[in-house]
Amino acid sequence: MELQLNLPAEAGGNPQILLLHLVDQIRPKHPEDLDDATDRLVSLIACFEADARLRQQTRDALRELFSTRKAAALYRNLGILPISGVFSETWRRVTLSLLPEVQNSEEDLGDMLLWLFRDKTDEIWVTGVEDNIWIALLESLHFEEKEGATPAALPCGLPAMLNNLWFLSYRMTVIGFDPELLRLDETLSRIESPFLAQNLETRTFRDSCLSRWDDPDAVAEDEKQLLVLFDQCREAVERIHRRSAQAGTSLQLTYKLQCLRDHIRRGEQLAIIAGELQRDRSGRAAWPAMTTLFKTLVFAACRRNDLRDFWRQNLEMTARRITEYAGKAGEHYITETRQEYVGMAKAALGAGGCIALMAILKLLFHNFNLAPLNEMLVYALNYGLGFMFIYMLGFTVATKQPAMTANALAASIGEAKGKVRDLDNLISLIARTIRSQVVAILGNVAMAIPISISISTVFFLLTAQPAISTADADKLLAGHHPFASGALFYAGVAGVCLFLSGLIAGYFDNFATYNRIPQRIRQVPWARRFFGDARLGRFADYVECHLGALASNFLFGILLGCAWGMGMLFGLPLDIRHVAFSSAYLGYVAAAYQFAPPLTPFVWACVGVLGIGLVNLGVSFLLALIVALRARNVTFSQGGQLVRGLLRRLFTRPRDFFLPPKKQPDKEPVALVQ
């Protein structure tokens, strides 16, 4: 295409108007149309090559802007997280989205860039166009026409760039000596810390660059040593990040590490540009680095107040650590040997009996006709304390497994040049996971139903009344119809609660580790005097190993118990259906009808319980798997191959999905994504 550059009259004397008009000309109609953007840039390059006056005006405009505008916001703010903190930055972005900040493009280069690329979609085509096109655009301006091939004058904008590089260096030093980072890496507090060394080297490099323009024969201090120190700073950041896997993490720590990464990356970009300008005063050698910096700045300008992107950036790393803690727990829910399989079945049977007791308690509480808030609290405590009791006894609730096992499964999925590292091991892991889920569900249901019938029988013998009336039994049957009652939707709500319980477990395990809760418990003076060091130490060890699971079970029960109350309070169709409780209710219904319930409603209720179980497991597993994969930035490109492998294994070795191996298998390493 051919651009029609009809510049307004004021463009000749106003650099802002000229550049704004040029940006408007090259902006494509659709930001995703990179071919259109490229064609427009190529046409602009042709215009520059053909029109010497236009070239001169554009060069003068750029020189005037970089020599008269303040560059602080451009180099040290755009694309770099401020050191204020995650919540301060969140509040700043919220307020700016409601009431935009005052911009002064007449004095500030950063505001000038925001004004030129004012459309939020500009970053799509600016970053999408190939670097060589932008470099060709710079070449077409022929900066050497006015000042000659080897200009002696200091390039406009270079002093500001070097001064801001020095400013960024001081920021890196301050963040690098933050107590939260020093706690994870004490070596940073030493005099040879890379964060301190890079600051000293940055000053030397800055002074060398500024003085060498007056004396070209002087010995140059190139940027290589500074880049080495920046690499050491980056290694320190990643070392702290890795140590947080054992020592725990927090949003603030994640924010500070990301802030350091931003500063290091920007420092490298500015140092490379300054170093290339020293070696080639015409500027051509620095154009690739300038292009990279330009794209980074435009991307940051278009997303400067994007709250969703900001929280996604900070939560991804934190979520990975939390899901890794949950994944460690999930490994215990995946059986491999016959002994583990039998142990899982026994644990599931025990949980089924406890759930039958919890179910009858809920039905009895319902008959007390409590006030809605009191009833909601009683339900929540019944569930929460009951699930904690089940866990402390070493039993297993089947629906608690998917949220845990999904994290362990996600850790085994990865890509190595587009291929799964070990697909057979992954299929074996999935098969073990499925059979563990199956035996846990069967164990819960197999015990919940006979225990509920036994409780009904004992209740009748003691009181001469059924545990529940036939009217209540009718309501239970109607409430478990798979299509007429919304039972499957309510099962999905329970699935979301199950998914959240997995995150809660990871969060509290991470919280206990990061805040050193067990060590702090051991140091409580009154507890040491009252319990003694030995008992207190055992309690601290128990907290260290089980705090996440206990909090997860209790809060999972609170979520289940409060769902009905929240729905009633806000007028929303909220309730929960849990497969183990629903199967227990079927036992109470059968006993209420003296084991002769109405056939059709009872059959539909049985189908509903089956559907509830599938929805419980499917929703919680899928949500947990998605979060775990996204937290690890994993994209699984071999989905079709995995499905075919699973089907092949199912038809050739169906036993693997339902029953344990006949003998102890040889353990194979599972590929993990790090």
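All of the numbers you see were taken from the coordinates with simple rules; none came from a lab. Note that the coordinates shown come from a computational prediction; the quantities given were computed from them, not determined experimentally. With ideal geometry, Cβ positions are generated from the backbone for all residues, glycine too; neighbour counts draw on all protein chains shown.
Things worth noting here:
- In the stretch 330-657, Cα pairs under 8 Å separated by at least six residues give a relative contact order of 32 percent.
- Overall Cα dimensions of the stretch 330-657 - principal axes, largest extent first, Å: 65, 63, 43
- For the stretch 152-281, convex hull of alpha carbons as volume per residue, Å³: 88 Å³
- Cβ-Cβ FRET estimate between PHE389 and THR470, R0 fixed at 22 Å, reported to 0.05: 0.10
- At R0 = 22 Å, FRET efficiency that the Cβ-Cβ distance of ALA446 and PHE595 yields, to 0.05: 0.80
- Eigen-decomposition of the gyration tensor built on the alpha-carbon atoms of the stretch 34-77 gives equivalent ellipsoid semi-axes of 26, 18, 4 angstrom, largest listed first.
- Close amide H pairs (under 5 Å, H built 1.01 Å from N) link LYS70 with ASP108, LEU109, residues at least 5 positions away or on another chain.
- Pairs from the list LYS120/LYS256; LYS70/LYS224; LYS29/LYS70; LYS70/LYS295 with a Cα-Cα gap above 22 Å: LYS120/LYS256; LYS70/LYS224; LYS29/LYS70.
- Distant alpha-carbon pairs in the stretch 434-581 (separation over 23 angstrom), percent: 59 percent
- Coil-residue GluC sites (Glu not before Pro) of the stretch 222-301, DSSP, other Cβ within 10 Å capped at 15: none
- Projected label distance in nm at GLU192 and LEU373, using a 7 Å step from Cα toward the beta-carbon: 6.4 nm
- Note on ASP306 and THR457: the extension gain reaches 48.2 nm, defined as 0.36 nm multiplied by sequence separation minus the Cα-Cα distance.
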